[in-house]
Amino acid sequence: MIYLDAGTTYSKIISDAACFDEQFFVRQKDNLHYFIIPSSVVKTMNIKPERSCGHMSEANENEIVALALGAQKYVSKEDSTILDLGSRDAKWIRFKNGRFYDMDWNTSCASSTGATVEMLLKFYDVKPEELKYDEEKFNVTCGIFGMEKIMDSISKGIKPAEAISKFVHGIAFNAWNFAKRPNKIYLSGGFCENKCLVDSVANYCEVELLGRFVLCEGLINKIN
């Protein structure tokens, strides 16, 4: 059986068998195999998932439902906010007394997502590990205006990595505000691997990382 969270850039897959190339293998847990595969590669494969969600699949599950089901086993039984930051969208869920209480889903603004950061890193030839938390942030309300701030800063002599770090801090601040300023965020999605973003969010609240497979695990929980 295959469970697929098909994101814009990368797809996360959990399978009961080692059925994909070893280069995509991430880990084995509870006799299940975890893979991260570029979505462009997944599109060339003849994958027939048991359940799926995400922009790049013929999804049969709502992503918010998958996020809620996947996060339940990780969060506390009291008030908990789970924020999923991916390449294309941002979404959050709040549990109160262990039960679903509130949510929001932003699919229309790239200033809250990873696609803009990915493009900036490629354009300026900056590696993700070069980004460092910066106390200063760009007050970004739009990805396009954010890029303008970055280009202006670089033209004045600021290094690209420093300018992008300020932009990432702006994304972190936006995300915290978007999630209604909780005291703690359980962070899901690709940004879990961006230390600059994680450190920036931690400037505003406590952060616990859930990793990139929460939605996939939610698909499995739906079966069970």
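The values are calculated or read from the model by the stated rules, or taken from the named source; none is laboratory data. No experiment lies behind these values; they were computed from the predicted model shown. No Cβ is skipped: glycine too gets one built from the backbone with ideal geometry, and neighbour counts run over all protein chains shown. Accessible surface areas use protein heavy atoms only, side chains included; no ligands, DNA or RNA. Shrake-Rupley method; radii C 1.70, N 1.55, O 1.52, S 1.80 Å.
Please report, to one decimal in angstroms, the Kirkwood hydrodynamic radius of region 1-133 built from all distinct Cα-Cα pairs. In region 1-133 this quantity evaluates to 16.5 Å. Legend: residue pairs Lys43/Lys166; Lys12/Lys166; Lys127/Lys166; Lys91/Lys137; Lys96/Lys195; Lys73/Lys180, Cα-Cα distance threshold 26 Å; pairs beyond threshold, Lys43/Lys166; Lys12/Lys166; Lys96/Lys195. Estimated from helices alone, the mean residue ellipticity of the chain at 222 nm is -9500 deg cm²/dmol (sum of -39500 (n - 2.57) over DSSP H runs with n ≥ 4, per residue). In whole angstrom, note down how far apart the Cα centers of region 157-203 and region 1-50 are. Computed from Cα coordinates, the inter-centre distance equals 27 Å.
Would you work out what percent of the accessible area of the chain, with all protein chains in place, is carbon or sulfur (probe 1.4 Å)? Carbon and sulfur atoms account for 48 percent of the accessible area of the chain.
Size descriptors for region 132-203 (Cα atoms only): Rg and Dmax, in that order, 12.3, 37 Å.
For region 185-202, the Karplus equation 6.51 cos²θ - 1.76 cosθ + 1.60, evaluated at θ = phi - 60°, returns couplings of 10, 8, 9, 10, x, x, 5, 4, 9, 9, 4, 4, 5, 4, 5, 5, 4, 5 Hz by residue, with Gly and Pro reported as x.
Normalised by residue count, the chain yields a Cα convex hull volume of 119 Å³ per residue. Annotation: per residue accessible area for the chain equals 51 Å², rounded to a whole number [probe 1.4 Å, protein chains only].
A simple count of charges around Asp102, restricted to other residues whose Cβ falls under 9 Å of its Cβ and scoring Lys, Arg +1 and Asp, Glu -1, yields +2.
Quick one: if the Förster radius is 25 Å, what FRET efficiency do Ser40 and Glu129 give, using the C-beta to C-beta distance and rounding to 0.05?
FRET efficiency, Ser40 to Glu129: 0.60.
Within region 27-66, list the trypsin sites (Lys or Arg not before Pro) lying in a DSSP loop whose Cβ has at most 16 other Cβ atoms in a 10 Å radius. The qualifying sites are Lys43.
Where both bridge residues fall in the chain, DSSP classifies roughly 70% of the beta bridges as antiparallel. For the chain, complete DSSP H runs whose alpha carbons reach 24 Å or more along their own long axis and whose mean Kyte-Doolittle score is 0.0 or higher are 160-178.
Once the GluC sites (Glu not before Pro) in DSSP loops with at most 13 neighbouring Cβ atoms within 10 Å are cut out of the chain, the longest remaining piece is 137-224. Only protein heavy atoms count here; under a 1.4 Å probe, Ile158 has an accessible surface of about 50 Å². Here's the list of aspartates and glutamates a cross-link from Lys159 could span, going by alpha-carbon distance under 19 Å and ignoring same-chain residues fewer than 8 apart: Glu118, Asp125, Glu129, Glu130, Asp134, Glu135, Glu136, Glu148.
Only Cα pairs under 8 Å and 6+ residues apart enter the sum, and on that basis the relative contact order of the chain stands at 21 percent. The H on the amide N of Tyr10, modeled in the peptide plane, is under 5 Å from the matching H of Ser39, each at least 5 residues off or on a different chain.
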